[in-house]
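The values are calculated or read from the model by the stated rules, or taken from the named source; none is laboratory data. Remember, predicted model here, so these are calculated numbers, not experimental data. Ideal geometry is used to build each Cβ from the backbone, glycine not excepted, and the neighbour counts take in all protein chains shown. Ligands, DNA and RNA are stripped out before the accessible areas are found, and what is left, the full protein with its side chains, is counted by its heavy atoms. Shrake-Rupley method; radii C 1.70, N 1.55, O 1.52, S 1.80 Å.
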Amino acid sequence: QVQLVESGGGSVQAGGSLGLSCAASGRTFSSYTMGWFRQAPGKEREFVAAIVRSDSSTRYADSVKGRFTISRDNAKNTVYLQMNSLKPEDTAVYYCAGRWGLPLGVRQQDYPYWGQGTQVTVSS
């Protein structure tokens, strides 16, 4: 089992940048596919980005492609989400999620492990 703790959320003006981190416990982090999801008020949780194990293949939601970058440092048991050119519609609670192995999933049910979430607020 793995425990996930997000950090790095906050408030920023539109066009700005924020970086999120997700620290994972456990010794097999490099075997986990990691994802980021977000949930805006009154909306369902949605997929943002994911990165597979150690070969670092990635996938992004169309809404963030070209603006967000997911990466990982297996030596630090950490996955990152760099968010640039932020828009007010990016405002949400962002969640880190993990699953052992493959495939790279885009659905909530693909990930058994979740962090507590971190708030990102983008003002216009």
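Mind checking the full-extension length gain between Ser11 and Ala61? Use 0.36 nm per residue of separation minus the Cα-Cα distance, one decimal, nm.
Result: 15.8 nm gained on full extension.
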Which order do Asp62, Asp110 take when ranked by solvent-accessible area (1.4 Å probe, heavy atoms of all protein chains), largest first? Asp62, Asp110
By a straight-distance test (C-alpha under 26 Å), which lysines pair with Lys87 as possible cross-link partners, with residues fewer than eight away in the same chain excluded? Lys43, Lys65
Gln108-Gln82 pseudo-label distance in nm [points 7 Å out on the Cα-to-Cβ vector]: 3.0
Exactly which GluC sites (Glu not before Pro) in region 1-110 are in a DSSP loop and have at most 15 other Cβ atoms within 10 Å? Glu44
Given charges of +1 on the Cβ of Lys and Arg and -1 on the Cβ of Asp and Glu, with all other atoms neutral, how large is the dipole of the chain about its Cα centre, in debye to the nearest 20? 180
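Going from most exposed to least, what order do Lys65, Lys87 have by accessible area with a 1.4 Å probe?
My answer, sorted largest first, is Lys65, Lys87.
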What order do Ser124, Ser63 take when sorted by accessible area (1.4 Å probe), most exposed first? Ser124, Ser63
If R0 = 22 Å, then Asp73 and Gln119, at their Cβ-Cβ distance, give a FRET efficiency to the nearest 0.05 of 0.40
Around Phe37, under 14 Å between beta carbons, what's the net of Lys plus Arg minus Asp minus Glu among the other residues? +1
Among bridges DSSP assigns within the chain, what percent are antiparallel (round to 5)? 90
